[in-house]
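To keep things clear, I will list the structure first and then write my remarks on it.
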Amino acid sequence: MTIFRLRYLLCLLAGAFFLLHAGMVAARDTAAIKASGSLVVAVPALQMPPFFFEEKGELKGLDIELAKSIAQELGVRAVFNREARHFNDAVNLVAQGRADMAAAKLSRTLTRAQSVMFSDPYIVLPHALLVNRLRFAELAGRKSVAEALQQFTGTIGVIAQSSYVGFARTNFPKAKVMEFDSWEAAVDAVAAGQITAAYRDAFEIKRVFKTRPDLALALRSVIIEDITDTIGIAVSADNYHLHGFVNLYLQQKNIKYSAEQILERYGQHLK
């Protein structure tokens, strides 16, 4: 065996070992999905009503209904992979070929789009801040709200390993970004005055006042209309057929929700 061939074989073995170690498997095409009888959908092991949540042992929510309907159109059943602890983990499961798609109120970001393909958005939400009235007034001084946001130097709370970590650093470069394990922890921190604001989408900010109206005295919302969070379904970067199928499904079913439409249709599931 020549030295060149030996090196070539060693490179192949090293590449195979890396893929195995990283937990990556080949993405299934649509034919393989149909042959298996199931569409594997990644959903984080979180409770996030009305998008995905467990009720009496059954997984429910907007994203769950959407995934089941797409699977039904393919002639298969939806099987949910709940291994992911965070939103980014769900995207990684798709990128690694361990799930066919992820439907979990996932923000379409440039970072995530480097490893998966995203469908057209089925939810479009303005960005928003939940601010502590006192701390924000101290920070803003005599500036208008718009001016204070442009020069924001306070502390912003976001959910760890969510799209809003990057959004906060990009849109508020002078702010200190603090990551929390949960949205509830971020809300509690801004209510206690430990941080100036919590950053997420308009739906989640409206949910806070709907479920915890007592916070209205200490907190207020600031909707940022010119920055939107577009939510899409993540599909393997290799599965163009499934990506096209999901987009056509969303188009033909005319699925695109606003914050108000979600509150109207799924408000009874808010906690």
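Determine whether the range 103-111 contains at least one residue that is crowded, with 17+ Cβ neighbours inside 10 Å, more than 21 Å from residue 46 (Cα to Cα) and of a type in the set (Gly, Ala, Ser). No, the range 103-111 contains no residue that is crowded, with 17+ Cβ neighbours inside 10 Å, more than 21 Å from residue 46 (Cα to Cα) and of a type in the set (Gly, Ala, Ser). Is the range 110-117 home to any residue that is at pLDDT 95 or above and more than 30 Å from residue 244 (Cβ to Cβ)? No, because not a single residue in the range 110-117 is at pLDDT 95 or above and more than 30 Å from residue 244 (Cβ to Cβ). Selection over the range 91-121 of residues that are part of a strand (DSSP E or B) and within 13 Å of residue 231 (Cβ to Cβ) gives a count of 7.
Within the range 223-244, the residues that satisfy the criterion of being buried (at least 18 other Cβ atoms within 10 Å of the Cβ) and out of contact with any His (no Cβ under 7 Å at 6 or more places or on another chain) are 231, 232, 233, 234, 236, 239, 242, 243.
Against the definition (within 21 Å of residue 160 (Cβ to Cβ) and of a type in the set (Gly, Ala, Ser)), how does residue 197 come out, yes or no? It is true that residue 197 is within 21 Å of residue 160 (Cβ to Cβ) and of a type in the set (Gly, Ala, Ser). Would you confirm, using the coordinates I've provided, whether residue 162 is within 14 Å of the chain's Cα centre (by Cα) and touching a residue at least 40 places away in the same chain (Cβ under 8 Å)? Spelling it out, residue 162 is indeed within 14 Å of the chain's Cα centre (by Cα) and touching a residue at least 40 places away in the same chain (Cβ under 8 Å). Residues that are buried (at least 18 other Cβ atoms within 10 Å of the Cβ) and assigned to a helix (DSSP H, G or I) were ranked within the range 141-159; the one that is farthest from the chain's Cα centre (by Cα) is 148. Of all the criteria given as (1) in the same structural domain as residue 27 (by TED's automatic domain parsing); (2) at pLDDT 95 or above; (3) closer than 21 Å to residue 109 by Cα, the one not satisfied by residue 252 is (3). When we screen 205, 231 for residues that are assigned to a helix (DSSP H, G or I) and under 20 Å from the mean Cα position of the chain (by Cα), the only hit is 205.
The values are calculated or read from the model by the stated rules, or taken from the named source; none is laboratory data. Just so you know, these numbers come straight off a predicted model, no measurement behind them. Every residue, glycine among them, receives a Cβ derived from its backbone with ideal geometry; neighbour counts consider all protein chains shown.
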